[in-house]
Amino acid sequence: MDLPKHPVVHGHPIHAILSDGPVILVPLAFAAELADRARKARGLRLGDIVTAGAAATGSSAAIVGWIDWLTIPPEHPARRPATIHGLINTAAVLAVVVALPSRPWRLRLLAAATTTILAGAWIGGDLVFRHGWRVRPAEEAEIVEARFNDTAGMEAFASARRDVADFERRKTFLPAG
């Protein structure tokens, strides 16, 4: 199967750029819907506008995200969390899209989407910061490490991993397990 071109422009992953929109707009749509209901707003409301923006940005981020997912080699450690990340965020986007025309169900759907998208964003952060997906220096190091066939080179990478893990354990607010 011929994979699509990677969705990266001048070194910038498009999915990472687009993902900020729904992460901000989905909780904002929930808040706007709450405010509209408290004010008993009529006609076109702020919740309608922000929910439409969340649906549009979420849909575009999801489409590009799944294209990005297609480019992850099946054996890459990022593949499984990327799959979970994509499924969770797709569920959130679908909830927002369904919420758009459905005012009676909108508040519940946006509450679920808000919780879901925040969980998906957490996993997305893991893809970048733990697995180095779409982080150029990490990708370069991964390629170099795969080409090493001597003990000294492999030990250098193992030592670097231990140093990073030690730094995270000693110097970060809530270290990873």
Quick one: Karplus J couplings for the stretch 104-120, per residue in order, coefficients 6.51, -1.76, 1.60, θ = phi - 60°, nearest Hz, x for Gly and Pro? x, 9, 4, 4, 5, 5, 5, 5, 5, 5, 4, 4, 5, 5, 5, 5, x
Pulled fully out, how much extra length does the chain show between residue 136 and residue 75, if you take 0.36 nm times their separation in residues and subtract their Cα-Cα distance? 20.1 nm
Amide H contacts under 5 Å for residue 8, placed H, 5+ residues apart: 14
Suppose R0 equals 35 Å; then what is the FRET efficiency for residue 84 and residue 39 from their Cβ-Cβ distance, rounded to the nearest 0.05? 0.35
Filter the trypsin sites (Lys or Arg not before Pro) in the stretch 36-99 down to the DSSP loop ones having no more than 13 other Cβ atoms within 10 Å, then list what survives. 40, 42
Please name whichever of 90, 66, 131 sits farthest to the positive end of the charge dipole of the chain, dipole taken about the Cα centre and charges placed at Cβ: Lys and Arg +1, Asp and Glu -1. 90
Out of these labelled values of P(r) over Cα pairs in 5 Å bins from 0, in percent, [x] 1, 9, 17, 21, 23, 18, 8, 2, 0; [y] 1, 8, 14, 16, 14, 13, 11, 8, 6, 4, 2, 1, 1, 0, 0; [z] 1, 8, 15, 16, 14, 9, 6, 5, 5, 5, 5, 4, 3, 2, 1, 0, which was calculated from the coordinates shown here? [y]
Where in the stretch 24-39 does the amide nitrogen come within less than 17 Å of the point 7 Å from the Cα of residue 49, taken along Cα to Cβ? 25-39
Angle check, please: helix 151-171 long axis (alpha carbons) against the longest principal axis of the chain (alpha carbons), in degrees 0 to 90, nearest 10. 40 degrees
So if I place +1 on the C-beta of Lys and Arg and -1 on the C-beta of Asp and Glu, and nothing else carries charge, what would the dipole magnitude of the stretch 9-136 be about its Cα centre? I want it in debye, nearest 20. 420 debye
Please compute the per residue accessible area over the stretch 30-172 with all protein chains in place, 1.4 Å probe, rounded to a whole number of Å². 61 Å²
State the percentage of accessible surface on the stretch 54-177 attributable to carbon and sulfur atoms; use a 1.4 Å probe and exclude ligands, DNA and RNA. 68 percent
Testing the spin-label approximation: label points 7 Å from Cα along Cα→Cβ at residue 157 and residue 173. State their distance in nm. 3.2 nm
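The values are calculated or read from the model by the stated rules, or taken from the named source; none is laboratory data. Treat the numbers as computed from the prediction; the structure is a model and nothing was measured. Methodologically, a virtual Cβ is constructed for each residue, glycine included, from the backbone with ideal geometry; neighbour enumeration extends over all protein chains shown. The area values use the complete protein model at the heavy-atom level, side chains included, leaving out ligands, DNA and RNA. Shrake-Rupley method; radii C 1.70, N 1.55, O 1.52, S 1.80 Å.
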